[in-house]
Structures are given as structure tokens and as C-alpha cells.
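The values are calculated or read from the model by the stated rules, or taken from the named source; none is laboratory data. The structure presented is a predicted model; accordingly, all values stated were derived computationally and were not measured. Heads up, the Cβs are rebuilt from the backbone with ideal geometry, glycines too, and the neighbour counts pull from every protein chain shown. Heads up: the accessible areas ignore ligands, DNA and RNA and are worked out on the full protein's heavy atoms, side chains in. Shrake-Rupley method; radii C 1.70, N 1.55, O 1.52, S 1.80 Å.
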Amino acid sequence: MLLAGYGEWGNYGLAYGYADYLCQKAGLDNGEKNPAVQDTGSLLTVSAPELYDLNLLCFDEKFVTSEDVEASKNNARLLVADYLSSHSEAEFLELLSASGTEEGMEQAKEAMEAFYTEKGVECDLTEIRYQLGGVAFDYGAACQYARFYIMKDWQDETWEENPMVSERFLHEDYEEVREFFECNSQQMRQYQEFFDFDSYNNDLPILFTNNTQIRGAGVSYYLCDKHTIHVKSVVDLMHEYIHSVTYGHIEWDTLWKIEGLAYYFSTQYNLYAYDYLNNTWNGESMKWVQEYIAAIGRPIDIQTDSHELSNILVHARGYKDPNSSYGAGASFIGYLAEQYGEQAVIAYICSDSEYNAEWCKSYEELVQDWNRYIEENYSQYSINAGQ
């Protein structure tokens, strides 16, 4: 009831501690004390600094031990009692309400940090907010840039090949959950700073779902009309996030601008994809990649070599049109970025004109330049990449 009344993303520990305070107050008013309340009078140690955060998952034994759950409950009671000893209930309710918002979270963090500092405890508080799941979802998490919803039966499509993803990824281990959302919050911030548009729509739901009713199994996608991302594998998340960031700034009917841009930039900040993609591309299934690896004399690194791979793929498959595939669009964008700089290319992609006055080039001329570049630099690769 407290969470419903003071914000769906309110800090769960603050709500729990206040609920306990109200129960004790009611009991004392009747000359009774709730026997279920175990009042230790002192802060209990938890197994990791981040569990002092008192968020929802700290109270769920699917994510932390029963000992940590009890310690978190005890600490929440003490924190709220301590705060109320020097503040009015009206001030506390203002803090609770603010704790689930971007603007007020810092205020709640400061109050919690002050309490822990007084007790001599080192904690690790986060800006990720949590809420209890509903019928379909285990739980929700929110940051400044998006809201994440984890379906109860969600399983990453690539978990067996991705060393950073477990079989029950995001369902069982709090440290794993917290690390993932904090990492992607940071990456989302980096992409927004990189593209540097005037504004973004951060009211973005991201659904971790295996629902196949819309586009089939194994496919992550961004629904522009609903401004929603559906994630089948965390490897794809940043690619789809780029779609959400650039939507409204580029023509949404041009493949090389839409998918080429997302393909080219998606490895820039994508920690949960690097190991998986490096293992995939360095495998033996694609002969044209193996020829490239033999030529450079080392395994590929998807962060530095993805543009080269797109170029080799374009040559091997004989693509002449940037709209031929995601890889062709990425190759074309990579060529333009090499010639004119990434920010200049982004500005060109976002423009309404196919002619670039600064470069004194039309789109057709740029495509011709790109075709010559591919032929001159990659003709030594003769493998057919039809597979």
C-alpha cells in the first residue's frame, strides 16, 4: 500500500521500514508489541556492500540468501527509525515519495549514506530502481534512460554461447542483475552523449520476453510506434537501443540509414556482446572470415575489426548498394566515417538531402566512391561469402 501510494519505484527498504514502524506504533498504542518483529537494535552485516541498498531484490530469496533478507529487513527498520528520530513523518513521506524518481533519488541516497556512515558501514548504493513483478513479469527495473521488465520465463537466446550470461540470467543472482542494469544504463548514457541530439524520449519500456507472436523466436526488435524494445538476447540490446535513440531523427524507410547505422555503431558500447561476437566470428563456419583472420595474422576483435568484416563481406558477396543488407549499410557508413568523420556522417544521415554541400557529393557519387574503395582495398579476398 505504501509503495502504491508513494510511487511504484519507491525504495522498497524505506517502505518496509516505515510499514514496520506503523505496525509497532499501532501495537504500542494498544499496549501490545508485535511478536514477529525481531528488534536487534543494531545494524546487521550483509554479504555484499550493494545489499545495503535496500531495494526490492534484497528482500527476495530468489536473489539473495535468507540471512541477507532478514538483515535487510532489520536494517530497514533501523534506518527508518533513525530518520524519524530527527525528522517529521511528513518529511519521511516526502523522502519515500522522492526515492523512486530521478530527481529525488539522490536525496534518498544521501539520507541512507548518512545513516550508514554514522554506523561505520561502507555501502554501494545504485541509481537503479526496482519494483515487484506482476502476473507475467518477475520484476521491473528502471534507470534514467529506460524501464526494464523481466518475464518469468525469459531465457537469453544465446546464453550457452555467451560467457557473460548464465542459464537463469537476471532471474536468480542480485549481483548479476545489478551489474547488468548499471552497465547498460552507463552505455545508454554514452550513446545519448555520442549522438548528441537535442532531446530523447526516455519513457522507454524494454521487455525481456520470449513472446513469438509478433516477429518470431530469436529476434530482438524495436517497435517505433510503441517506442518499446523487445529483447530475446542481451547481445542485441544496444543495436535496438540505437534505433530508439535515432528514431525521429532519420528517415525510417531507408535500410542503410536505419540498420546500417545501428549495425555500425552497436559495438561501440556493448559490453555484453563482445565475448559472444568474438567467439562467433572467430569460429570456423565462415570461410571468408577465416581468410581475413589468416591475412591479419590474429583473431579478430569485434570492437576494432567489425568495420573491416563488413567491408570484406560486401566484397565477397558483391554488394554494390548500401541497402543490400545490414552489413552493406554498415560498410558504407564506415567508409563515410573514415573519410569525413563520424559526427559529420551522423549529421548527413539525419539530413533530408541526399546531396552533401560540404562534401560536394551526391548520394550516388558517395556510393560510387565506396564501391571503388571496396574494390581497391579488398579485391585480394576472393572467397564467396554466400553462406
For this session: State the answer as a single residue: which of L96, Y264, L313 lies farthest towards the positive end of the charge dipole of the chain, with beta carbon charges of +1 for Lys and Arg and -1 for Asp and Glu, about the Cα centre.
Result: L313
Exercise. Of the cross-linked pairs K73/K119; K73/K152; K73/K109; K257/K361; K232/K287, which ones have a Cα-Cα span greater than 21 Å in the structure shown?
Worked result: K73/K152; K232/K287
Exercise. Measuring from label point to label point, each 7 Å out along Cα→Cβ, what is the Q190 to N210 span in nm?
Worked result: 3.0 nm
Problem set entry | Solvent accessible area, Å² - C23, 1.4 Å probe, full protein context | 80 Å²
Seminar exercise, completed: Hydrophobic long helices for the chain, i.e. whole DSSP H runs reaching 20 angstrom or more by Cα along the axis with Kyte-Doolittle mean at least -0.5, come out as 12-29, 66-84, 302-317, 326-340
Seminar exercise, completed: Distance in Å, no decimals, from the C-alpha centre of the range 343-363 to the one of the range 272-301 is 33 Å
Exercise. With every protein chain in place, what's the accessible area of H87 (1.4 Å probe, Å², nearest 10)?
Worked result: 70 Å²
Problem set entry | Equivalent ellipsoid dimensions for the range 120-239 as semi-axes, Å, which come from the Cα gyration tensor, largest first | 22, 20, 14
Seminar exercise, completed: For V135 the rounded accessible area (nearest 10 Å², probe 1.4 Å, non-protein molecules ignored) is 140 Å²
Seminar exercise, completed: Asserting the computed 222 nm helical MRE of the chain (DSSP H runs at least 4 long, -39500 (n - 2.57) per run, divided by residue count, to nearest 500) equals -15000 deg cm²/dmol
Problem set entry | GluC sites (Glu not before Pro) restricted to the range 305-381 and DSSP loop, no more than 15 other C-beta within 10 Å | E354, E358
Seminar exercise, completed: Out of N371, N278, N356, a Gaussian network model of the chain with alpha-carbon springs under 10 Å gives the largest mean-square fluctuation to N356
For this session: Find the all-direction average of the projected area of the Cα convex hull for the range 255-301, expressing the result in square nanometres with one decimal place.
Result: 4.0 nm²
Problem set entry | Approximate spin-label separation A136-A4, in nm, with each point projected 7 Å along Cα-to-Cβ | 2.1 nm
Seminar exercise, completed: For the range 35-145, the Debye formula with one identical point scatterer on each Cα and no solvent gives log10 I(q)/I(0) at q = 0.11, 0.12, 0.13, 0.23 Å⁻¹ as -0.36, -0.43, -0.51, -1.49
For this session: Give me the compactness ratio for the chain, meaning the Cα radius of gyration over 2.2 N^0.38 Å.
Result: 1.21
Problem set entry | Inverse of mean 1/r across different Cα pairs in the range 215-340, Kirkwood, Å | 15.3 Å
Seminar exercise, completed: Net charge near G13 (other residues with Cβ under 9 Å of its Cβ; Lys, Arg +1; Asp, Glu -1) is 0
